[in-house]
Amino acid sequence: MKCLVYKDSSISDKRLQAVLTPFTNNIKKYTDITPAFTVEQRFFNNYAYVFDNDYDVRPAPSLIAELTRGIGYTHDHVFMFVDEPNWLSAGEKFDAIQKKTGHNKKKGIWGTNYSYAGNSTHFHYCRFDTESVKALETMYHEWSHSLDSLCSTEVAININSLMESYLDREPLYRAYHNANGFRWDRDFVHGAHPAFAYIGRDPKRVMENVETLSVIAEPLQKAYAQRRKLESMTRKVSMLETIIKLQRKVRELLNRKNGVGRV
Ligand SMILES: [Zn+2]
């Protein structure tokens with residue numbers, strides 16, 4: 001699992017590691033997948049935004065396109081970590097800009113997941129709170145949202161069915177499934193299911209529901225492995241293109257005449 005992190009310039013390495021380390025340890029523990037991070041620094045003290053249909057503030061599509069440009073399969077997840085004081089989607093800055101819409105009673109949002117929104121990757125817009133546990137919860141929450149989409153896109157595995165059959169052993173859960181089915185975002189991430197709690201709501205319980213990721217560990221491993229295959233195929237294609245271009249260049253050089261074009 002390869003992640004690209006755009007870190008706001010005011011977030012220190014120490015603060016970043018306080019989030020990435022427990023995230024990595026828990027994902028490794030319950031899925032046997034080791035996240036790898038590439039970190040790039042950005043200034044998010046004034047980023048482009050749009051209002052959505054709910055009058056929430058979200059990063060402008062042009063910004064998402066810029067941050068995911070050329071990513072393809074080289075990274076599976078792209079995180080945009082905006083330092084809490086710079087966050088435009090909740091808090092003081094949000095209150096100031098939402099007045100423009102005439103809907104200035106909203107609480108705002110702490111993050112959003114965009115799966116395959118562009119360039120074959122998952123983009124996660126996250127507030128990076130001063131309190132590291134909260135920043136970790138937002139990162140983990142938005143990453144979790146992408147997993148059903150990841151598995152169905154990469155390896156055509158429906159993790160809703162897997163979760164449902166795993167949890168069906170419990171009569172209470174079976175009754176819930178009979179009435180509602182199982183929906184990953186609603187039930188696992190937002191904790192509507194009696195087996196789960198909303199990820200990030202209770203600050204005392206860090207990385208809520210993480211143990212149950214073991215149920216979908218295998219499809220997750222397969223999905224990331226599939227992306228590595230696609231990454232290497234893409235690289236091979238571009239290497240082939242480079243070889244063809246080089247061969248052409250060699251032919252051009254061999255056919256070159258001293259300042260006189262062929263006639
Ligand atoms: Zn959510």
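The values are calculated or read from the model by the stated rules, or taken from the named source; none is laboratory data. All of these numbers come straight from a predicted model, not from anything done at the bench. Counting neighbours? That spans all protein chains shown, and the Cβs are built from the backbone with ideal geometry, glycine included.
Quick look at the values:
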item	result
Members of region 251-263 that are surrounded by 10 or more Cβ atoms within 10 Å (Cβ to Cβ) and either at pLDDT 90 or above or assigned to a helix (DSSP H, G or I) (or both)	Arg251
Residue satisfying condition, being away from the ligand (no atom under 16 Å from the Cβ), surrounded by 14 or more Cβ atoms within 10 Å (Cβ to Cβ) and in a loop (DSSP other than H, G, I, E, B), within set Ile157, Ile216, Ile199	Ile157
Hits in region 185-195 (condition: within 11 Å of the ligand (Cβ to nearest atom) and part of a helix (DSSP H, G or I))	Asp185, Arg186, Phe188, Val189
Criterion: more than 16 Å from the ligand (Cβ to nearest atom), part of a loop (DSSP other than H, G, I, E, B), without any contact (Cβ under 8 Å) to a residue 12 or more places away in the chain and not hydroxyl-bearing (Ser, Thr, Tyr) - qualifying residue of Arg174, Arg169	Arg169
Count of residues meeting criterion [closer than 22 Å to Met207 by Cα, away from the ligand (no atom under 14 Å from the Cβ), surrounded by 18 or more Cβ atoms within 10 Å (Cβ to Cβ) and among the aliphatic types (A, V, I, L, M)] in region 88-143	2
Residues (assigned to a strand (DSSP E or B) and among the aromatic types (Phe, Trp, Tyr)) located in region 68-111	Phe79, Phe81
Residue among Lys2, Lys28 that is under 27 Å from Leu150 (Cα atoms) and surrounded by 17 or more Cβ atoms within 10 Å (Cβ to Cβ)	Lys2
Selection within region 144-154 - among the small types (Gly, Ala, Ser) and surrounded by fewer than 22 Cβ atoms within 10 Å (Cβ to Cβ)	Ser149, Ser152
Where Arg228 falls short, out of the listed (1) in a helix (DSSP H, G or I); (2) surrounded by 16 or more Cβ atoms within 10 Å (Cβ to Cβ)	(2)
Cβ pairs under 8 Å, 6+ apart, first in region 187-210 and closer than 20 Å to Asn113 by Cα and of a type in the set (A, V, I, L, M), second part of a loop (DSSP other than H, G, I, E, B) and within 11 Å of the ligand (Cβ to nearest atom)	Val189/Tyr198; Val189/Ile199; Ala197/Gly191; Ile199/His190; Ile199/Gly191; Met207/Ile199
Residues satisfying the stated conditions in region 143-154, i.e. without any contact (Cβ under 8 Å) to a residue 40 or more places away in the chain and charged (D, E, K, R)	Asp148
